[in-house]
Amino acid sequence: MKYGIGARVRHPKFDVGIVTGGTLSTTRVFFKYEGDKEIADDFPGLTLVEEAPQPFEGLSLQDVKRALREVLLEFSEEMETVPIAEKWKGGMLVLKPGNPSLQPKEIPLQTFFHKIVLLRNRLRILEQHINSHEKLEEHEKVDLQQYITRIYGTLTTFNVLFKQKEHWFVGEGEKN
């Protein structure tokens, strides 16, 4: 293994990844969009971005849990591929001001859709945090969950952008 576990490396095709292990002649790297890849140590395209963090004494179980939670949140936000409906591919969102002397703003629909999907995923993560929170009482969890359900209901306008109905926002009156 050429680099230490935790080092950040760059691959010409897979971009930046984190070294997770390896053998005497290979390095295993986790890439955000490609997953785990085993790369030969003599591959010239793999370059070091950042050294592995130095191990230190006194790492608690809480520190490990916190670090794992952060990594899972970082990678879970974009792991699911959510396709945009075919009719919107290549489309533009045009924001036209009421004042005709001002320029309209054009945003590629794919970019806008990506933001909507990120928002939806972050709401789901917030839901999970609320539901698994150790100090919240059940009635507090229910109250907070109702706000999130109302937010989903507000966002149902954007369901037209989703290719598959299973990815839609579902509000209070639309639950099965």
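The values are calculated or read from the model by the stated rules, or taken from the named source; none is laboratory data. Everything quoted here is computed from the prediction, not taken from an experiment. Here Cβ is always computed from backbone atoms with ideal geometry, including for glycine, and neighbour counts include all displayed protein chains.
Here is how the numbers come out for the structure above:
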{"read-out": "Cβ pairs under 9 Å, 6+ apart, first in the range 90-116 and farther than 25 Å from residue 167 by Cβ, second of a type in the set (S, T, N, Q)", "value": "97/103"}
{"read-out": "In the range 33-55, residue farthest from the chain's Cα centre (by Cα) [restricted to those that are in a strand (DSSP E or B), surrounded by fewer than 16 Cβ atoms within 10 Å (Cβ to Cβ) and at pLDDT 90 or above]", "value": "40"}
{"read-out": "Hits in the range 5-32 - residues which are touching a residue at least 40 places away in the same chain (Cβ under 8 Å) and not in a strand (DSSP E or B)", "value": "5, 6, 7, 32"}
{"read-out": "Residue satisfying condition, being at pLDDT below 90 and out of contact with any strand residue (DSSP E or B) (no Cβ under 8 Å at 6 or more places or on another chain), within set 58, 4, 21", "value": "58"}
{"read-out": "Filter result (part of a helix (DSSP H, G or I) and either within 15 Å of the chain's Cα centre (by Cα) or modelled with pLDDT under 70 (or both)) within the range 69-106", "value": "69, 70, 71, 72, 73, 74, 75, 76"}
{"read-out": "Answer from 104, 100 - the residue that is more than 16 Å from residue 147 (Cα to Cα) and touching a strand residue (DSSP E or B) at 6+ places or on another chain (Cβ under 8 Å)", "value": "104"}
